Amino acid sequence: MKQIEKGYLSAAFVLALAAILFVACGAPAAPPAQTVRETVVVPQTVVAAQTVVAPQTVVVPQTVVAEQTVVVQPTAAPNPEAVIKDVEPNAEVSLWTFWLSPTFDDYIKSTIARFEATYPGVKVNWEDHQATFQDDLRNAFAAGNAPDVINLSVGEGWVSDYATKGLLLPLDDKVPQDVKDLYFKGLWEEQLVDGVNYQFPWYQGISVELVNMKVYSDGAGLKLEDFPKTVDGLPELCQTIKDKTGTLCNIRLTVNDLLAQMVYEGGVKILSEDGKTCTFDSADGAAWLQMYVDMVKAGTVDRSVLVTDQDRVGLDLFTSGNSAFYQTGPNLIREVRANNPGLYGYLAAVPAPVGKSGVLGKGLMGISVKNDTKFPNASIALAQFFTNPESMLEFSKIVAVYPSTPKSYDDPFFAAKPIAVEDSAKPIAKDIVSKYADIVPTVPNKADVNEAVLQAVQSALFDNVPVQDALTTAAKACTELINK
């Protein structure tokens, strides 16, 4: 607000000079006539000159101090989120996400708006794809119109699958080291193909077992604290639940990346030292697969869930109230609450069992850039922006996901005491996520290899093919594929 003070100085000087009239008189008695000299004072009026100063305003020069606000346009400082250089002017890039709309429309749109303000001139076109995401993306690549920036599942092995086909942009030589250092090292280096990274780590999940206490405790008489800590405890648990409640276990194999599941759960060595021979038909590999075969034969697991490629099938079964537990991330508890509020009151969560490898797991989601994008720097900037500490912190505040950037965990949000079930992992999330690592070696032609392994696994599970025979057949096919 401008405030201006004005000063005025007035002075009046009035001087009155009275006219002076001097009168002298007086005469003696008349003497004899004679001539004499004398001085006669004759009364008279004398007009005296005078100066009259009339009242008037005298203006005195002065300095007036005015207080005012001056708007100065400073030179804009660099935006701290603008960490990618040489972004192409007037770039227009497309972004595909996986199953985030409409729940997170506001978040995605506001993040895009912040990105466009950070990198002026860049325009983003966003689409969300859901159950048909993989088919849509494959078709888009085949047609030559795949999106520039793609949300891919690391946990399902999608990044390495597309990278080995030459469809994704390698990032290590294009991203500055100080930007790479924003992420947990183990997450930046997951899903490497020939030692090269193809994804920015995005939101992470903490694997938990969602437990329906109405079935698990009230029905089967089990205690939550006794839930198995290791994977090899699942067969006995499933048998108990079936015997006491008639409910089948809701367990899903990672059918899109069975080699990874072998490594994490079974401690299986899948390749020889020289990388030329598939070795998962070992005793460890056979023991891992036999555990699942035995559960199928015992009738303790739901067969339709076990080998589905849609993780929502198992979640929907759990949400319906017809299973005792299901392994997923706390972020999907919102689905349970929205679709079956009555079940939410019976819900509990425990850490997911750990496999023989002892490693807690690998990352959940990443964002990649297609290899032949017209705007590589703008696309890299967008992928990085969605995964930077600020963006991931904001995402974590609206849903139970966890950042891949250490800095995000400095916010008091993560230190707050959990209240809701879905927040139960917050205080320990940083420690868990920091230990995620990809311990699976690069497998050439991975998608084809995985398909061969899946056929072998299904033959053992459902067609009574001996486990060792099934794995040996798959290992032979795998060796041929990786040496093509």
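A short reminder: the numbers here are calculations on the coordinates, not readings from a lab. The shown structure was predicted, so the numbers you read here are calculated from the model rather than taken from an experiment. Note: ideal-geometry Cβ built from the backbone for every residue, glycine included; neighbour counts use all protein chains shown.
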Between the alpha carbon centres of segment 109-162 and segment 414-447 the gap in Å comes to 23 Å
Between Asp194 and Ala416, what length in nm is gained on full extension when 0.36 nm per residue of separation is reduced by their alpha carbon distance? 75.8 nm
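Can you put Leu360, Leu461 in order of Cβ neighbours within 10 angstrom, beginning with the fewest?
Neighbour counts put them in this order, fewest first: Leu360, Leu461.
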Inter-label distance for Ala131 and Asp274, nm, one decimal - labels placed 7 Å from Cα along Cα-to-Cβ: 4.8 nm
What spacing in nm lies between the two simple spin-label points modelled at Asp173 and Ser304, each 7 Å away from Cα in the Cβ direction? 5.1 nm
Measure out, as a whole number of angstrom, how far apart the alpha-carbon centroids of segment 377-394 and segment 189-225 sit. 24 Å
In debye to the nearest 20, how big a dipole does segment 101-207 give about its Cα centre with +1 on each Lys and Arg Cβ and -1 on each Asp and Glu Cβ? 160 debye
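Arrange the following residues from fewest to most other Cβ atoms within 10 Å of their Cβ: Thr479, Thr132, Thr111. Intermediate values should be presented prior to the final figure.
Details: Thr479 16, Thr132 9, Thr111 21.
Ascending number of Cβ neighbours within 10 Å: Thr132, Thr479, Thr111.
Report the trypsin sites (Lys or Arg not before Pro) located in segment 196-295 that are in a DSSP loop and have at most 12 other Cβ atoms inside 10 Å of their Cβ, or state none.
Values: sites: Lys214, Lys223, Lys229, Lys242, Lys244, Arg252, Lys269, Lys276; in loops: Lys223, Lys229, Arg252, Lys269, Lys276.
Of the trypsin sites (Lys or Arg not before Pro), the ones in loops of segment 196-295 whose Cβ has at most 12 other Cβ atoms within 10 Å are Lys223, Lys229, Lys276.
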Could you pull out the pairs from Lys356/Lys430; Lys223/Lys426; Lys109/Lys426; Lys109/Lys370; Lys269/Lys397; Lys229/Lys297 whose alpha carbons sit more than 31 Å apart here? Lys269/Lys397
Using Cβ counts within 10 Å as a stand-in for footprinting exposure, how do Tyr409, Tyr346 rank, fewest first? Tyr346, Tyr409
Given points 7 Å out from each Cα along the Cα-Cβ axis, report the Thr240 to Leu224 separation in nanometres with one decimal. 1.6 nm
Along the dipole axis of segment 130-220 (charges at Cβ: +1 for Lys and Arg, -1 for Asp and Glu; origin at the Cα centre), the most positive-end residue among Phe141, Leu167, Val179 is Phe141
